[in-house]
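Worksheet: the structure to be examined is printed underneath.
Nothing in this text is a laboratory measurement; each read-out follows from the coordinates by a stated rule. Only a predicted model underlies this, so the values are computations on that prediction, with no experimental measurement involved. Heads up, the Cβs are rebuilt from the backbone with ideal geometry, glycines too, and the neighbour counts pull from every protein chain shown.
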Amino acid sequence: MKEPRILVIKHGALGDLVQGFDAFAGLRDGLPDAHITLLTSPAFVGLSRRAPWFDEVVEDFRAFALNMPQLLRMRRLFHADWDIILDLQCSRRTARYHQFLAPSKTRWFGTAPGASDPYPDFTGVNNADRMKVAIGMAGGDGDMSASLDWLVSDDQGGEADGAVVLVPGCSPAKPGKRWPASSYAELANMFLRDGREVAIVGTAADRAAADAVLRDAPACSDMVGRTSLDALAALFGRAHAVVGNDTGPVFLAARTGVPTLMVMGGDTDPSMSAPVGARAGWVRSQNVGDVTPPQAMDALAAL
């Protein structure tokens, strides 16, 4: 009997990919003999190839519909004799990919019109739990909890061990998700006065947000643009605590087991998008700026 061939579609962003770790692990555990391929965005190919759950990782450049070479490339991929396609992205793009299959005996798990195995109503269900239900439908172990040993190693010491790590950046398209720099600075200074080191992380795109915090809390360590995903996971795993906006690195921090607090505004629904982890939590106000640093400190202490 040939091994099942499974294609998993999960483009990202980072937080969405991290929320899928348990589902990926459960799929591998429930179907140990399957050949599992992940289709993801170029930014996450390196991380995904290090993970222990996939036999193959394929880039989806998500090109425009008029890009015929990429369109034909995707068509060939979806005609590659899959037994199961698990759509964990459920976007308009992946619904168009479903059209490549007709006619086909491949089982498609997802929300695309005509899917052989449509998902139930996921309204109000956390993204991580949605994906666990999805892989359970396909024969995976929906109760699996993923180990991050492959990503976070005990011997990865270094700068800012034991620090409070702040993540003040987020997508510029969602300014309502950004806790004010003045609030981050006040929280940082509270920790600094208690003798705790504070580090600020982010990508080059978060430079302005970090600089705004550093102006009022100059004693913080500036690590913006200096950490790969691997190094960031290691830093989080050895931190005292992490506080940040609704953004990918905060989901990654939560999965390392460090006390992790997400500061949310009205743009984030915690029932669907709260971080998942042993000591993860959130504090929320409709206007994210109304969350006070003492509130954040109290919520973090409860973790």
Roughly how many debye, to the nearest 20, is the charge dipole of the chain about its Cα centre, given +1 on each Lys and Arg Cβ, -1 on each Asp and Glu Cβ, and no other charges?
-> 1000
If the chain between Lys174 and Leu66 were fully extended at 0.36 nm per residue, the gain over the current Cα-Cα distance would be 36.0 nm
When the dipole is taken about the Cα centre of the range 1-128, and only Lys, Arg (+1) and Asp, Glu (-1) are charged at their Cβ, what size is it in debye, to the nearest 20?
-> 500
Longest DSSP-loop-exposure-free segment, chymotrypsin sites (Phe, Trp or Tyr not before Pro), the chain, at most 14 other Cβ within 10 Å | 151-303
What net charge is computed for the residues neighbouring Pro270, neighbours being all others with C-beta under 14 Å from the C-beta of Pro270, Lys and Arg scored +1, Asp and Glu -1?
-> -2
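Please compute the length gained on full extension between His79 and Asp269, using 0.36 nm multiplied by the number of residues separating them and subtracting their Cα-Cα distance.
64.7 nm
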Subtracting the Cα-Cα distance of Arg207 and Trp150 from 0.36 nm times their residue separation yields 17.6 nm
Low-density loop trypsin sites (Lys or Arg not before Pro), the range 71-141, at most 11 other Cβ within 10 Å, DSSP non-H/G/I/E/B, are Lys105
Inverse of mean 1/r across different Cα pairs in the chain, Kirkwood, Å = 20.3
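Determine the relative contact order of the chain: mean sequence separation of Cα pairs under 8 Å and six or more apart, normalised by residue count, in whole percent.
17
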How far apart, in nm, are two points set 7 Å out from the Cα along the Cα-to-Cβ line at Phe100 and at Asp129?
-> 3.3
Per 10 Å bin, what percent of the C-alpha pairs of the range 1-106 does each bin hold, from zero upward?
-> 14, 49, 32, 5, 0
In the range 1-47, the trypsin sites (Lys or Arg not before Pro) that fall in loop regions by DSSP, at most 11 other Cβ within 10 Å | Lys2
